[in-house]
Amino acid sequence: MRLIHGATGAITESDVMLASASNAVVLGFNVRPTPKAAELAEREGVDLRLYTVIYEAIDDVKKAMLGLLEPTYKERTLGRAEVRALFHISRVGTVAGCYVQQGVIRRNAQVRVLRDNVVVHEGRIASLRRLKEDVEEVAAGFECGISLGRFQDIKEGDIIEAFTLEEVAPKL
């Protein structure tokens with residue numbers, strides 16, 4: 001194993017290009033790739049490994065070096081929504097008024113809240129509403145209200161990213 005580059009902050013397009021040219025894997029700890037970097041990684045076939053617990057990253061690197069890595073789950077981004085307004089409703093809590101920028105946001109989807117490309121919360125959508133109606137999903141270009149249940153520290157400008165996990169064979 002050889003470390004090619006180390007940095008702080010979001011995973012950028014230049015990180016993905018370096019990994020592509022070096023036939024390397026990108027490891028991210030508690031950060032997310034920018035949307036353009038994620039798209040480029042998909043096109044170039046670069047493996048992005050994202051972790052929120054440092055011990056999982058260490059264990060994966062050790063297992064990969066020993067050839068013991070089990071199948072992993074690849075994250076597939078469903079959509080991204082920007083928080084534009086906050087509404088405080090009694091007995092519900094904070095509801096984020098959002099604009100879906102790309103993809104779709106689905107009810108009961110796994111989501112993460114990004115503030116300056118740093119993950120501040122990961123969980124599930126508690127409720128999804130459009131024009132006072134509960135809906136299953138909201139597509140890009142539309143506005144909606146998203147409640148995240150127990151997480152109330154949402155702020156204007158945050159990005160809510162919906163995703164699913166798919167099992168894939170290991171590449172490391």
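Of note:
- Pair list, Cβ < 9 Å and 6+ apart or interchain, from the range 8-30 residues that are of a type in the set (Phe, Trp, Tyr) to residues that are part of a helix (DSSP H, G or I): 29/54; 29/57
- Of all residues in the range 78-93, those that are without any contact (Cβ under 8 Å) to a residue 40 or more places away in the chain and closer than 13 Å to residue 147 by Cβ have Cβ atoms under 7 Å from Cβ atoms of residues that are of a type outside the set (D, E, K, R) and surrounded by 15 or more Cβ atoms within 10 Å (Cβ to Cβ), 6 or more apart or on another chain, in 88/94; 89/95.
- With respect to the conditions (1) out of contact with any Lys or Arg (no Cβ under 7 Å at 6 or more places or on another chain); (2) not in a strand (DSSP E or B), residue 112 lacks only one, and its number is (2).
- Yes/no for residue 94 being in a strand (DSSP E or B) and under 30 Å from residue 3 (Cα atoms): no
- Taken across the range 70-85, residues that are in a loop (DSSP other than H, G, I, E, B) and over 20 Å from residue 116 (Cα atoms) do occur, with at least one present.
One line per residue, one yes/no per condition, for (1) within 23 Å of residue 119 (Cβ to Cβ); (2) assigned to a loop (DSSP other than H, G, I, E, B):
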residue: 2; (1), (2): no, yes
residue: 5; (1), (2): yes, yes
residue: 9; (1), (2): yes, yes
residue: 17; (1), (2): no, no
residue: 20; (1), (2): no, no
residue: 27; (1), (2): yes, no
residue: 43; (1), (2): no, no
residue: 46; (1), (2): yes, yes
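- Hits in the range 32-44 (condition: of a type outside the set (Ser, Thr, Tyr) and out of contact with any helix residue (DSSP H, G or I) (no Cβ under 6 Å at 6 or more places or on another chain)): 32, 33, 35, 38, 39, 42, 43
- Output for the range 1-31, where each listed residue is under 22 Å from residue 81 (Cα atoms) and either exposed (fewer than 11 other Cβ atoms within 10 Å of the Cβ) or touching a helix residue (DSSP H, G or I) at 6+ places or on another chain (Cβ under 8 Å) (or both): 10, 11, 12, 13
Here's the yes/no breakdown for (1) surrounded by fewer than 19 Cβ atoms within 10 Å (Cβ to Cβ); (2) modelled with pLDDT of 90 or more; (3) not in a loop (DSSP other than H, G, I, E, B):
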position	(1), (2), (3)
104	yes, yes, yes
108	yes, no, no
123	yes, yes, yes
138	no, yes, yes
162	no, yes, yes
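- Scanning the range 140-149 for residues that are assigned to a strand (DSSP E or B) and either crowded, with 18+ Cβ neighbours inside 10 Å or at pLDDT below 90 (or both) yields a total of 4.
The values are calculated or read from the model by the stated rules, or taken from the named source; none is laboratory data. These figures come from a predicted structure and were not determined experimentally. Glycine gets a Cβ as well: all are built from the backbone with ideal geometry, and neighbour counts include every protein chain shown.
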